[in-house]
Structure formats: C-alpha cells, structure tokens
2 protein chains.
Amino acid sequence: MPSFNVAILLYPNADIVDFSGPLEIFSCSAYGGREKVFNTTTFSFHNPITVGAGNLTVVPQASLNEIESKLEEYDILVVPGGAPEDIKEMLAKEEGKAIVRLIQRFVALEPRKEQGHRIALSVCTGALVLAAANVLKGRTVTTHHIAYELIEEMADEAAGGESGTKCVKKRWVDAGKTEAGVRIVNAGGVTSGIDASLFVVELVAGKEGAQFAADLVEFERRGQDDAWVAK
Amino acid sequence: MPSFNVAILLYPNADIVDFSGPLEIFSCSAYGGREKVFNTTTFSFHNPITVGAGNLTVVPQASLNEIESKLEEYDILVVPGGAPEDIKEMLAKEEGKAIVRLIQRFVALEPRKEQGHRIALSVCTGALVLAAANVLKGRTVTTHHIAYELIEEMADEAAGGESGTKCVKKRWVDAGKTEAGVRIVNAGGVTSGIDASLFVVELVAGKEGAQFAADLVEFERRGQDDAWVAK
C-alpha cells in the first residue's frame, strides 16, 4: 500500500479536538500490522500557534509557505473549525487569504497516481473555510450544528449569488469530488472529526484498517449508516 | 459555583487524544451559559514537549516545578497514557520520579473547602503511572485494553507485594477516594478520556453541565450505565 501525506492546518483558536482527533487517527503508527500508512504534518501561518481559545500552544511542523510549495505531495488536507467569529476574523486577514488560496489550489490538483486519492477533510466549522474558498458550490455538506445556516450564507457569498450549497445534519458527509478528482469530506461538530477521519482511512486503507484504528483508540464508529454520500 | 483548576500532565510521547480530549472538555468556556467553571494548565518536565509518537510538539503553560510549588491550588490532575514501553522508560528517569512524587503529594491533599472536590483522572495507560505511584492499591481500576495485566503487575511491584489492584474492562471507573478525600478516576483507552472527563464535569458541575459540554462537542456519552463506581 502506498503511504499518504496528511497536512493538518492550525490557525488562531482552531478547536483542539477538531485537529487532534484526525491527528490521532492518522498518526496511528500501523494499520493491521502493516507499515505506516499516513505521515502527518501540522502547519500554520504562525509559529508557535495558540489554539483552543488560548488553552494550547503548538509548534507546527511546517509553515503555510512550506506546505504551499510542495502541495502536490500532500494527499489529505485537514481543515479544523473554531468559533465562527474567529474564523471570519481570520478570513479577513492576509492569513485567511493565503489559506483560501491554498485550499483552492489543493482541490484543483489531481490525485497522485500511486495514491489514487486526494481528499480535503473539514472538521466542524472548518467547513466554513471551505465555503469561503467557494469549494462547496452545488454540494450537500455538513458542519457543527451552530453553523448550519451560516455555511449556506457563506457559500452564497463566495459564489457571488445562489451557491446551491445545502447543509444537512449528519455525522459526516462525502460531498463528492472536484473536477480534478479531489474528494471533499465534511465532519459535523468536534468529535465527528474522529468518525470522518476513520471514513477517510476506510477509503484509502480499507475497512479493516479503519476498524484497527477505531479499536486502538477504543472508539465506537458513528455515522456509517446515515452518512450522506454524493453520487 | 466555584471554579476548578485543572492541571494536565504532558510527557514524551504521551498520546494525543489522551490529553487533548480532557483539555477540550475542561476548556469548554461556559457550562449552560454560566461563567467559566474550569481553568486548564498544561505542564511538563520539558519545554517544548513532543507527544504522540513525535507527531505533535506543545509549548506547555507551566513547568512541573511550577505546578508542584502550588499543587494545593489544583483540583483536578489529568494523567494521560502512552505506549507502555515509553511510560516505563520515563518512570525510570528523574522525570518519572518527579511525576510519581507529584502524584503522591496530590492524592494526599484534602480537597479545597470551596471546591469540595479533588480528583486524579488517568486516561488510558496513564493509569500505569498511578500504579507506579502506588495509588491504586486495593482498588478496582481500568486502563487501555493492552495493559489490563500489566497494570496489576505494576501495582504489585509498587506495593512491594500483593496490591489487591483489580483491573476491569470498563469505559471508565470511579476507583474511590484516598484517605485525604481525593477521588481516583480511570478512563479506558484514548477516547474513553472524553467520557471520563464528562463524568468528572458531572460530579463537580452537575449533569446538565456535562450534557452541555457533550452537546457542544457533538459527543454521545458512553459508559454511564456500566461504569464501576467504588462504594
């Protein structure tokens, strides 16, 4: 099995479990006794970066520029959420514009041949950042329950009119692929990111691999029976 | 309601969600619209400290000495787990001995009058660190499923003979109070720490407070119906 490079975005006051849940799942060192499947890299516009409403300071492993400069090498991009007012504030700044550009470039890159998958995974209100990048146009999506209306508004704003984005209450959603073949996956709020990450593991490493990771972290998977999956 | 100070231990290669799950729950800024109930402080022997098998580097908010010097002010101590071999290596060093001393002092401190609760919460194999501190003698406990036998061995070793420690397979366990009145709570593996943290929130801030936090992070609580609670 090829290995997959996972880039995990951090920005001011991103939620803690929004990024650490996926980081935990993707950094499980082995899946079913096989060699390491995922290599994770945390990255940020800032260094260090304080997240979780001031409660956790992280030294990211790469800068936003470093990830941008070799974006083609990253197969999975994780975009965590945070309080909507913090996200809006971030989006209005140079940082937000750089993040939006990076996301737009990422979803326009065909999957690497050997890996065969490229996936943008938003967790919680991280989907608002994808909305601002106009990536959710015409898609059925999900986000944290506080942002069900806001995400449609932000998608419309980014589209400069009616975006056709429809938000549904789900544990996670497979919102379909971009023209380049990049799959968009949205988790619901916070801990949903663990389920959505396990769905991504299942996609690229198989059901057994996902169950191995779930068992290792003593997690009962949710959302598999009622997830919305784009045709 | 009084506010509670939560000290969260970090050590080399501690598991990510073992500490970040409790940090997420205790740093929810408000419970049911009330003022902030918990103040969290991450601390470590190292600065910065790399956890999660090399995948996350954190700048802790306090040193081990700083927490030790005002230990009386901390109402809740969170001890995350990690790979048993990493924990054993850590315990053999100066760092491990300092951590064991800190835990032993903590469980001998009566709860603060206003708060009325003092709690040591282990997550996952963090219970092995409590075992090494001889805090689990005579108690029914739990830990990650890979360490059910090891924890009894380590408790016996710390007790210098038969410890009477009995490990059960549970989402979390309330292992009872020390002579000073400090409650010992053990979570099972990794994500169980979210449930055990919500149990601690319920103890000190009520059932509604715990449900508020669970709803905010879109988490379905587990373990309440079959938890082992010391008489």
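Need the failing condition index for B:Lys36 against (1) within 14 Å of chain A (Cβ to nearest Cβ); (2) farther than 19 Å from B:Ala210 by Cα; (3) surrounded by fewer than 24 Cβ atoms within 10 Å (Cβ to Cβ); (4) not acidic (Asp, Glu), just the number.
(2)
How many residues are open to solvent by less than 10 Å² (accessible area, probe 1.4 Å) and free of Cβ contacts under 8 Å to residues at least 12 places away in the same chain if we restrict to segment A:1-30?
1
Assess whether B:Ile87 counts as being buried (at least 24 other Cβ atoms within 10 Å of the Cβ), away from chain A (no Cβ under 14 Å), out of contact with any Gly (no Cβ under 6 Å at 6 or more places or on another chain) and among the hydrophobic types (A, V, I, L, M, F, W, C).
Values: buried (at least 24 other Cβ atoms within 10 Å of the Cβ): yes; away from chain A (no Cβ under 14 Å): yes; out of contact with any Gly (no Cβ under 6 Å at 6 or more places or on another chain): yes; among the hydrophobic types (A, V, I, L, M, F, W, C): yes.
Yes, satisfied.
Just the residues that are assigned to a helix (DSSP H, G or I), open to solvent by less than 10 Å² (accessible area, probe 1.4 Å) and within 16 Å of A:Gly116 (Cβ to Cβ), please, taken from segment A:176-204.
A:Val200, A:Val201
Within segment B:149-171, track down each residue that is crowded, with 16+ Cβ neighbours inside 10 Å, of a type in the set (D, E, K, R) and farther than 23 Å from B:Ser192 by Cβ.
Of everything in segment B:149-171, just one residue is crowded, with 16+ Cβ neighbours inside 10 Å, of a type in the set (D, E, K, R) and farther than 23 Å from B:Ser192 by Cβ, namely B:Asp156.
What strands (runs of 3 or more DSSP E) lie completely within segment A:1-111 and have 2 or more residues being within 16 Å of the chain's Cα centre (by Cα)?
A:4-10, A:38-44, A:76-79
For every residue, the table says whether it meets (1) open to solvent by 10 Å² or more (accessible area, probe 1.4 Å); (2) within 29 Å of B:Asn47 (Cα to Cα); (3) among the charged types (D, E, K, R); (4) in contact (Cβ under 8 Å) with a residue 12 or more places away in the chain.
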site: A:Gly54; (1), (2), (3), (4): yes, yes, no, yes
site: A:Glu72; (1), (2), (3), (4): yes, no, yes, yes
site: A:Asp75; (1), (2), (3), (4): no, no, yes, yes
site: A:Val79; (1), (2), (3), (4): no, yes, no, yes
site: A:Glu110; (1), (2), (3), (4): yes, no, yes, yes
site: A:Ser122; (1), (2), (3), (4): no, no, no, yes
site: A:Thr125; (1), (2), (3), (4): no, no, no, yes
site: A:Ile146; (1), (2), (3), (4): yes, no, no, yes
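Working carefully through the options A:Thr125, A:Thr142, find the one that is among the β-branched types (Val, Ile, Thr), modelled with pLDDT of 95 or more and touching a His at 6+ places or on another chain (Cβ under 9 Å).
Matching residue, one of A:Thr125, A:Thr142: A:Thr125.
The values are calculated or read from the model by the stated rules, or taken from the named source; none is laboratory data. These figures come from a predicted structure and were not determined experimentally. So basically every Cβ, Gly included, is an ideal-geometry build from the backbone, and we count neighbours across all protein chains shown. The accessibility values were calculated without ligands, DNA or RNA, using every heavy atom of the protein model including side chains. Shrake-Rupley method; radii C 1.70, N 1.55, O 1.52, S 1.80 Å.
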